[in-house]
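Next up is a structure, given as structure tokens.
The values are calculated or read from the model by the stated rules, or taken from the named source; none is laboratory data. Nothing here was measured: the structure is a model prediction, and the numbers come from that model. FYI the Cβ positions are ideal-geometry reconstructions off the backbone, even for glycines, and counts take in every protein chain you see. What goes into the accessible areas is simple: the full protein's heavy atoms, side chains included, and nothing from ligands, DNA or RNA. Shrake-Rupley method; radii C 1.70, N 1.55, O 1.52, S 1.80 Å.
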Amino acid sequence: MAEGILYGIGFAVSLCIALVLTPFVIKLAFKIGAIDKPNHRKVHTRIMPRLGGLGIFGAFVIAYFVIKPFIPEGMLRHYDLNIINALLAGGSIIVVIGMLDDRFELSAKIKLLGQIAAACVVVFGFGVKIDLLNIPFGESMQPIAAWISIPLTILWIVGVTNAINLIDGLDGLAAGVSGIAIGTILIMAAIMGFAPVILLCALLLGGVVGFLVYNFHPAKIFMGDTGSLFLGFALATLSMLGFKQVTVVSFVTPLLIIGVPLSDTFFAIVRRWVNKKPIFAPDKGHLHHCLRELGFSHRRTVLIIYAIASFFGLCAIIQSTIVQSVAANWITFVVILILVFVLQIGAELIGIVDKSRRPLINFIQRLFMRTEQSRTK
């Protein structure tokens, strides 16, 4: 079977399984009490079933084993199988933690320990870790010592896992942003001919799209921590593979792939630090909350964030394709500067950190005023 047909069949099988499985997950969530009740911090106004991520995970796993017998011999090497097994094993731990949290609302410390355990399974159980790094203005791919690569990998996995969890605040938001990120990785893997990642992304994307049928506004089910933690874990693992396998991926490319959840997480940490609140304390200052306060509808807010996520994904694809050129380091540097500038301006305009503080905008305004005054003299 041709590889392209295999990817397409895998996507279709995963999508169909998610479509069939999710209604059963809805019934299960109500039966075991894995529900989300409205409160002052949440947007929904009625009791909603959680646990939706079980539909995504189930579709991904079942679809993989359905198409596994049809995978051409030699397509997957030993390390490729390690990647798949690491994602399945670590993902299973994450899903169990997410299910328990959706039902019993675990403490942040217990969830963090579970995420670290899943990351350790990936690193120590299957040997998947960041051991090659391409830093802008550095020399090609640089090997890094184990005492750096192991904690760096665990930190990356745990950080990205939580980043997806933090943006799960509106119908279809986390699933859609994750789907865009998965699609970005799929395109990059296709350009680079990395078959295992293409296959995994196709299966994951099918599950996400199938689940979105029930999760997009107005949602019939939430993905819950089961889904947001699993998708974050999967994205962390897949985006990290560029460090290991492909010399055309620079240090900033994986950051761009998941730019929306990472930037929202960064601003959440800064906001809570500025307001002297615990870092893990929930609030209503995330990007989707701010856009809603500006008057955008539920659906339009989600679509705006989809557009931002797509822009980050496009930047990641461009970055990965030009990084071999002579001017790659300067292009990387310029891309970073532009994105940081745009992010800061956007954050100040919508008040994602503090609605009363606009240091960069005020500086630009003073600069323009001085320029105008110098012209009038």
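Mind checking whether some residue in region 195-210 is at pLDDT below 90, assigned to a helix (DSSP H, G or I), under 27 Å from G4 (Cα atoms) and of a type in the set (V, I, T)? Spell out how you get there, then give the answer.
Going through region 195-210, the residues at pLDDT below 90 turn out to be 195-197.
Keeping just the survivors that are assigned to a helix (DSSP H, G or I) gives 195-197.
Pick out the ones that are also under 27 Å from G4 (Cα atoms) and you get 195-197.
Subset that is of a type in the set (V, I, T): 197.
Yes - at least one qualifying residue is present in region 195-210.
Moving on. Which condition from (1) surrounded by 12 or more Cβ atoms within 10 Å (Cβ to Cβ); (2) of a type in the set (D, E, K, R); (3) modelled with pLDDT of 85 or more is the one that K42 breaks?
Of the numbered conditions (1) surrounded by 12 or more Cβ atoms within 10 Å (Cβ to Cβ); (2) of a type in the set (D, E, K, R); (3) modelled with pLDDT of 85 or more, the odd one out for K42 is (3).
Every residue, every condition in (1) out of contact with any helix residue (DSSP H, G or I) (no Cβ under 6 Å at 6 or more places or on another chain); (2) open to solvent by 70 Å² or more (accessible area, probe 1.4 Å); (3) closer than 18 Å to A219 by Cα; (4) modelled with pLDDT of 85 or more, yes or no:
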site	(1), (2), (3), (4)
M1	no, yes, no, no
C16	yes, yes, no, yes
V25	no, no, yes, yes
A34	no, no, yes, yes
F57	no, no, no, yes
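Moving on. Look at region 159-182 and say how many of its residues are in contact with a helix residue (DSSP H, G or I) (Cβ under 6 Å, 6 or more places away or on another chain) and assigned to a helix (DSSP H, G or I).
Residues in region 159-182 being in contact with a helix residue (DSSP H, G or I) (Cβ under 6 Å, 6 or more places away or on another chain) and assigned to a helix (DSSP H, G or I): 16 in total.
Please list, ordered by first then second residue, the pairs with beta carbon atoms under 8 Å, 6 or more apart or interchain, first in region 274-297 and at pLDDT 70 or above and loosely packed, with under 14 Cβ neighbours inside 10 Å, second in a loop (DSSP other than H, G, I, E, B) and among the aliphatic types (A, V, I, L, M).
V274/V353
Taking K355, is it assigned to a loop (DSSP other than H, G, I, E, B) and modelled with pLDDT of 70 or more? Please lay out each step first, then the result.
Working: assigned to a loop (DSSP other than H, G, I, E, B): yes; modelled with pLDDT of 70 or more: no.
It is false that K355 is assigned to a loop (DSSP other than H, G, I, E, B) and modelled with pLDDT of 70 or more.
Those residues that are over 24 Å from V20 (Cβ atoms) and not β-branched (V, I, T), I need them from region 174-210; list them, please.
Within region 174-210, A181, M188, A189, A190, M192, G193, F194, A195, P196 meet the criteria.
Considering region 189-214 alone, what residues qualify as being of a type outside the set (G, A, S) and open to solvent by 10 Å² or more (accessible area, probe 1.4 Å)? Steps first, answer last, please.
Let us first name the residues in region 189-214 that are of a type outside the set (G, A, S), namely 191-192, 194, 196-201, 203-205, 208-209, 211-214.
The answer is I191, M192, F194, I198, L205, V209, L212, V213, Y214.
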